DNA sequence: CTGAAAGCGCTAACAC
DNA sequence: GTGTTAGCGCTTTCAG
């Protein structure tokens, strides 16, 4: 690869001048500018990004840390982020943390060594303290970290209430909830939403809440037990789509008809939800937009632009599938 | 962040010595080595990866270029690659090409500017010529590029034959094929496998092959038409799982029972296949292993190790679900 | 065994 | 307007 020196020689100017036209900084005569441009074209010169990074202490690179890219929610987020980043000449590094703090920290270490400009992270283990000491711009997605850290997600409480209300509007009388992991704020909020909505009507019964842990097999198990114990349950709000699919399977295995005997609604709106048979009714998050917004916020942070709002809770929408009855 | 100079001062040695202990290169007295190590610990020093890259002309970074990370096949590949890469202190850059040559080339441009050490790519547009001029180590995944470029995938022809044979073994007499895009070698090979297997028994009939383009909606349409025209079709081999799901939907929509009236088998073995109702029977690729192997090969390439085999076609396995009948 | 110094390719003062 | 030069932080000859 050619260097700025080669260009300078070819154009018969100094490297400083070449640098100036490269960065359109400082004054440079139109004619010499042309000479330089010609030389660049002739030599097919491309500036060396690493040398530039060394000087500027920034790399035009950002990182995305997710628990596991294999989880269907994240690829769409990643795609959105990569879309806005590549349009701004940024490069995206992908990291899988498996929800382990140790791995997250290790990634941060590398990020600093590589002058990575910022990171978008989905985490429930990292605290503001960890992050502060890294001194690297951060945006949180899906899981809240701190008031000072831009956060993009949805209103889980309201989404959950919406789910419950919809089940009721289709005639469900006894609505159970398969919740996600205890330590996940997300899952907790969805549970709270479920509870609130039912408590308001004096219908809440904690026996109807079981933990599926966002896990397929576990969910199948606990759902079967629940339905055997309470055969009159006629609606289930699952903490996410993945579990909703599992719930449907469990119900069918027990000989229940969905939605005639049992209605099921999920949360997330991953593509999977529309591929199953029957298609899952769900509270859909605007997943792509979440990633998009997060990327924009990070860019603002990097550019030192003021952030007017730190908390971005985008709107969920009801996506009606075939696991719920027609509204009455 | 501290620099090597700080460490040198703290340890009262030269930067050269520090560099030597950092890289365990050259001779360095055990005592001074200890002094340096102490200084490093005391200052919590981490070498600057960018400065190192500038000198070494390599970045401990590799790139993965896929058509779209949102396609359920790729996250698992990405995960595998990231696993081996991060274990070797490499960082993974993620790129979405949307199968556009222009985007691929743009990514390569950036890779060179950033001294990216190698790339793993899924492409059907890039030719050896493009790649050669980039002079950057490459491994092809899922889609073959050239004999000189390490390639990891499965034997699509054999996999397809296996699919057809299995349908026959469960009693299917009239087997149709919903194929993938014409310009995709993959899809072509699967079609060839299907044809070969049937031709051997003089059962091939080109009227039973339609193009679903790896697209959900298209597949639903063409499948319905096909089944209306040939109501006696009792088995369908779909070119991938995604289309298989669509085929099942189409069949059910026409009032056919799966698998009683119509058996369906897919190809790929993405997780999705086991989440649908009924679960899709499929020819499963060892997706994670494919990514893993590709990563290992790229590392060898980067390290200048000799590659003994360029063509890696891993074994597919039959994954029996509920869209096919019991074997007789 | 260790240090001085050149240089990786680029940018930004600072002169002229 | 343009050139000279001192770094950015690191590695590696080359002396000693």
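Points worth noting:
- For chain A, adding -39500 (n - 2.57) for each run of n ≥ 4 DSSP H residues and dividing by the number of residues yields -14000 deg cm²/dmol at 222 nm.
- Over 16 Å [Cα-Cα, region A:4-47], rounded percent: 18 percent
- On Cα atoms only, tilt of B:216-229 relative to the major axis of chain B in degrees: 20 degrees
- Note on residue B:32 and residue B:317: their simple-model spin labels are 5.6 nm apart, each label 7 Å out from Cα toward Cβ.
- Shielding of peptide B:72-85 by partners, expressed as the average count of other chain Cβ atoms within 10 Å per residue Cβ, is 3.
- In nanometers and ordered shortest first, the copy-to-copy spacing of the residue B:300 label point, defined 7 Å from Cα toward Cβ, is 4.9.
- Distance distribution P(r), the protein assembly as shown, all Cα-Cα pairs, bin width 10 angstrom from 0: 3, 14, 21, 23, 19, 11, 6, 3, 0 percent.
- Beta bridges per DSSP, both residues in chain B: antiparallel share near 10 percent.
- 0 to 90° range, to nearest 10: angle between helix B:241-253 axis and chain B longest Cα axis: 30 degrees
- Geometric extent, Cα atoms of region B:3-95 - Rg, Dmax (angstrom): 18.5, 56
- Separation of alpha-carbon centers, region A:41-79 and region B:113-149, rounded to whole Å: 19 Å
- Here residue A:147 yields copy-to-copy label distances, from shortest upward, of 6.8 nm, the label point defined as 7 Å from Cα along Cα to C-beta.
- Axis of helix B:287-302 versus longest Cα principal axis of chain B: the two differ by about 40°, to the nearest ten degrees.
- Each other copy holds its own label point for residue B:24; taking that point as 7 Å from Cα along Cα to Cβ, the gaps run 5.0 nm, nearest first.
- Whole-Å distance, taken between Cα centres, linking region B:207-240 and region A:243-287: 26 Å
- Over chain A, the Kirkwood radius and the radius of gyration, each from Cα atoms, give a ratio Rg/Rh of 1.15.
Read the figures in this text as sums done on the coordinates, not as results from a lab. All values reported here derive from a predicted model rather than from experimental measurement. Positions of Cβ are backbone-derived with ideal geometry, glycine not excepted, and every protein chain shown enters the neighbour counts.
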